[in-house]
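*Asks:* Structure below; questions to follow.
The values are calculated or read from the model by the stated rules, or taken from the named source; none is laboratory data. Not measured: the values here are computed from a predicted model. Note that each Cβ is placed from the backbone with ideal geometry, even for glycine, and that neighbours are counted across all protein chains shown.
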Amino acid sequence: MRILLALVAALSLAGQTMTFEEYQPKTGLVVPGKAVTRAKIPFIDVHGHPRGMMSAEKFEQLVREMDGINMRGMVNLDGRWGDRLKQTVELVRAKYPGRFVVFANLDFANIDAPEWTAKAVKQLEADVKNGASGLKIYKNLGMDLKDTRGNRVRTDDPRFDAVWAACGRLKIPVLIHTGEPRQFFEPADKNNERWLELKEYPSRARPRDKYPSWETVMGEQHRVFEKHKGTIFINAHLGWMGGDLAELGRLLDKMPNVYTEIGAVLAELGRQPRFARQWFLRYQDRVMFGKDSYNPVEYHTYFRVLESSDEYFDYYRRRHAFWKMYGLDLPDEVLKKLYYKNALRVIPGFDAKLFAVKP
């Protein structure tokens, strides 16, 4: 904090007015490297939220943008349920069969009703019959979702056991986003490396007087994985363990029914290129490509981190990382698994011929 105050004072003395949040220095370091604007291998984004782009008016624009970056497939995680899901599936199958798949979601309304679980399973079965390729669980479960008495609904609540089991029986994966980055649960003080983000977006903080600990939230999720070994889970955002890949590796070693994906956590990988590269080589069969929020230009940084050996380049959002990125230079065979092969093995509905790579 003393350093920050000294910086502000120095700028004031120089006759400038600038806050710490505005400070964005341009590096004087000149290193080889260039932007990577198109993936070298066709890829599937398993963590897609193309909100606003799935309408009849904008759908063709979405496909053109995907073609431009070599994205051959996308999972739309916002399928909802019932008629809405059915209509979305019909749209993508009519226009581009085998290129898009749609995941269903759960309706938590009346979750305290005795018949909620049976209705949820029945709806999921109908959604799969209508073309759903998986189930997406949003982060409200385990954190903000409350029952009628105001109690937090835990991720490992027994009301969901039949749902997880149904996914295994129906042979569809569950892509589950539980919790937030560990730093959001910690005090927003001088030791928190995401202090700037929490200062700019204070609503992202998860204080102890309103939320359980990060360890509690993650533990509930891991118990679900372990209890339902016959169900495939895709642990979103590297399970918020991108900053401790060794621990994530231990989780994957322990639970063979668990996969993961890299949506919104590229900044963690790009600052530890040597160890992250070793980790990808070891767990190459368990990781998928994901982006999360849809923005075609932001994919370029993913390609550069994964494919190049470039050094010291910018991440695409300052609030996620004030540090620079470094390329992992992953081998092509690992990239193929990350980009599409693992997804094809786990997620039904894609046309594998669309992702064939010529020798």
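*Asks:* The conditions are (1) touching a residue at least 12 places away in the same chain (Cβ under 8 Å); (2) within 24 Å of residue 320 (Cβ to Cβ); (3) within 21 Å of the chain's Cα centre (by Cα), and residue 24 fails exactly one of them. Which is it?
*Replies:* For residue 24, the failing item is (3).
*Asks:* Next up: Identify, please: which residue in segment 223-240 is of a type in the set (Val, Ile, Thr) and over 18 Å from the mean Cα position of the chain (by Cα) and is, among those, nearest to residue 160 (Cα to Cα)?
*Replies:* Let us first name the residues in segment 223-240 that are of a type in the set (Val, Ile, Thr), namely 224, 231-232, 234.
Restricting the remaining residues to those that are over 18 Å from the mean Cα position of the chain (by Cα) gives 224, 231.
Numbers: 224: 9, 231: 13 Å.
This residue is 224.
*Asks:* Considering only segment 303-326, state which residues are closer than 18 Å to residue 291 by Cα and basic (Lys, Arg).
*Replies:* 304, 317, 318, 319
*Asks:* Ok, one more. Given the conditions (1) buried (at least 21 other Cβ atoms within 10 Å of the Cβ); (2) over 21 Å from the mean Cα position of the chain (by Cα); (3) of a type in the set (S, T, N, Q), which single one is not true for residue 123?
*Replies:* Status for residue 123: all satisfied but (1).
*Asks:* Let me ask another. If residue 197 passes every condition in (1) crowded, with 20+ Cβ neighbours inside 10 Å; (2) modelled with pLDDT under 95; (3) in a loop (DSSP other than H, G, I, E, B) but one, which one does it miss?
*Replies:* Single failed check for residue 197: (3).
So that you can scan it fast, the table gives a plain yes or no per residue for (1) modelled with pLDDT under 95; (2) in contact with a helix residue (DSSP H, G or I) (Cβ under 9 Å, 6 or more places away or on another chain); (3) basic (Lys, Arg):
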| position | (1), (2), (3) |
| --- | --- |
| 152 | no, no, yes |
| 162 | no, yes, no |
| 165 | no, yes, no |
| 168 | no, no, no |
| 174 | no, yes, no |
| 207 | no, yes, no |
| 215 | no, yes, no |
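*Asks:* Being surrounded by 22 or more Cβ atoms within 10 Å (Cβ to Cβ), touching a Gly at 6+ places or on another chain (Cβ under 8 Å), under 29 Å from residue 349 (Cβ atoms) and at pLDDT 95 or above is the requirement here; does residue 263 meet it?
*Replies:* Yes.
*Asks:* Another question, then. Could you tell me whether residue 188 is aliphatic (A, V, I, L, M), more than 19 Å from residue 292 (Cα to Cα) and surrounded by fewer than 18 Cβ atoms within 10 Å (Cβ to Cβ)?
*Replies:* no
*Asks:* Those residues that are in contact with a Lys or Arg (Cβ under 9 Å, 6 or more places away or on another chain), touching a residue at least 60 places away in the same chain (Cβ under 8 Å) and over 23 Å from residue 184 (Cα atoms), I need them from segment 232-286; list them, please.
*Replies:* The answer is 232, 259.
*Asks:* Tell me, yes or no, whether segment 67-78 has at least one residue that is out of contact with any Gly (no Cβ under 8 Å at 6 or more places or on another chain), over 30 Å from residue 37 (Cβ atoms) and not in a strand (DSSP E or B).
*Replies:* no
*Asks:* I would also like to ask the following. Out of segment 291-306, which residues are within 24 Å of residue 345 (Cα to Cα) and in contact with a helix residue (DSSP H, G or I) (Cβ under 7 Å, 6 or more places away or on another chain)?
*Replies:* 291, 299, 302, 306
*Asks:* Quick one: in segment 309-359, of everything that is acidic (Asp, Glu) and surrounded by fewer than 19 Cβ atoms within 10 Å (Cβ to Cβ), which residue is farthest from residue 33 (Cα to Cα)?
*Replies:* Narrowing segment 309-359 to residues acidic (Asp, Glu): 310-311, 314, 329, 332-333, 351.
Subsequent filtering for residues that are surrounded by fewer than 19 Cβ atoms within 10 Å (Cβ to Cβ) retains 311, 314, 329, 332-333, 351.
Working: 311: 7, 314: 12, 329: 12, 332: 19, 333: 22, 351: 35 Å.
Among residues in segment 309-359 that are acidic (Asp, Glu) and surrounded by fewer than 19 Cβ atoms within 10 Å (Cβ to Cβ), the one farthest from residue 33 (Cα to Cα) is 351.
Residues checked against (1) among the β-branched types (Val, Ile, Thr); (2) within 21 Å of the chain's Cα centre (by Cα); (3) over 25 Å from residue 125 (Cα atoms):
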residue: 17; (1), (2), (3): yes, no, yes
residue: 32; (1), (2), (3): no, no, yes
residue: 39; (1), (2), (3): no, yes, yes
residue: 45; (1), (2), (3): no, yes, no
residue: 49; (1), (2), (3): no, yes, no
residue: 57; (1), (2), (3): no, no, yes
residue: 69; (1), (2), (3): yes, yes, yes
residue: 88; (1), (2), (3): yes, no, no
residue: 94; (1), (2), (3): no, no, no
